[in-house]
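Novice: What follows is a single structure, and I will ask about it in a moment.
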Amino acid sequence: MEVLNIKLRVGNEMQMLSEEVNKRYQTVNSHQDSNRVAFLAAQTSLCIYLMKTMQDRNDDWAWVPEFLDGNRSDALFRYEEAREEDDQDTALLMAARLRLLSTLIRRVSDSRRSLLFTNEAASWEVVMGDNTILRELVQLMEESIANFMRVVAQGNEARSWMAAAQIYLAEGMLKINWDLKDWGLFTESVYDYIYTETARYRQSRVDGDAANSSAMLARVRFATTLSRRLEDPDRKAWLTLVSMRLGTKH
């Protein structure tokens, strides 16, 4: 892998994988005594450690692939050692680390995965603004598209309708703000949208309009998630490190 491309590839993959782990953890964190919680908590902790280490060394990240391989070898050694000693708790934590590191290393080394990151198209040159805001919006849109494809395949008409409403909103936000110079105005528009759409959602519930209220609820959730991510200082610091560079192939 070319040194110039390491930072972008690892940055994108690390961001996506940490979000996947966080989503899975949120679905099980009410069951605090389960092995699944401990497994995902270990992966979450490892994501934080990896991202913090890379943030602290804000260079070209040429050392990252070897760093990941080293951590994977250490996790494998400690896992096998714990299994030999019948230390199930440690073995579980090491298995969690081993699986996450193996997944990250495999994704980083797969050049075909660059096709997943649609925000690299040359047309994005028109929209420079605050790249971290743009990346959050594009990332959330990609997640909505993936969710739409999943629920359509399941034949869930109601959830397909809600997922489609989120994609439509994301496309609208991108089009409306295509030539916007002040991205501070964009963040304000997100909060305004949440307020007005929430009011419309409540009114549609009162009116008994189930179809429209579902779509409105989906759009409110999309905008609320976007606003929460924009307010997160850790996410902003991370995205600043891997800010969009046009034309990259990772």
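Please treat every number below as a calculation from the coordinates, not as lab data. Computed from a predicted model, the values in this text were never measured in an experiment. Neighbour counts are summed over all protein chains in view; Cβ atoms, including those assigned to glycine, are modelled from backbone coordinates with ideal geometry.
Novice: Quick one: length gained pulling A153 to F67 fully straight, 0.36 nm per residue minus the C-alpha distance? Walk me through the intermediate numbers first.
Specialist: Numbers: separation 86, 0.36 × 86 = 30.96 nm, distance 3.86 nm.
Taking A153 through F67 to full extension adds about 27.1 nm, to one decimal.
Novice: With Cβ to Cβ distances under 13 Å as the rule, what net charge do the other residues near Q203 carry (K, R +1; D, E -1)?
Specialist: On the way: positive: R200, R202, R205; negative: E197, D207, D209.
Result for the neighbourhood of Q203: 0.
Novice: Show me 57-70, 34-47, 132-145 ranked by packing, highest mean number of other Cβ atoms within 10 Å first.
Specialist: On the way: 57-70: 14.1, 34-47: 17.6, 132-145: 20.3.
Highest to lowest by the protection proxy: 132-145, 34-47, 57-70.
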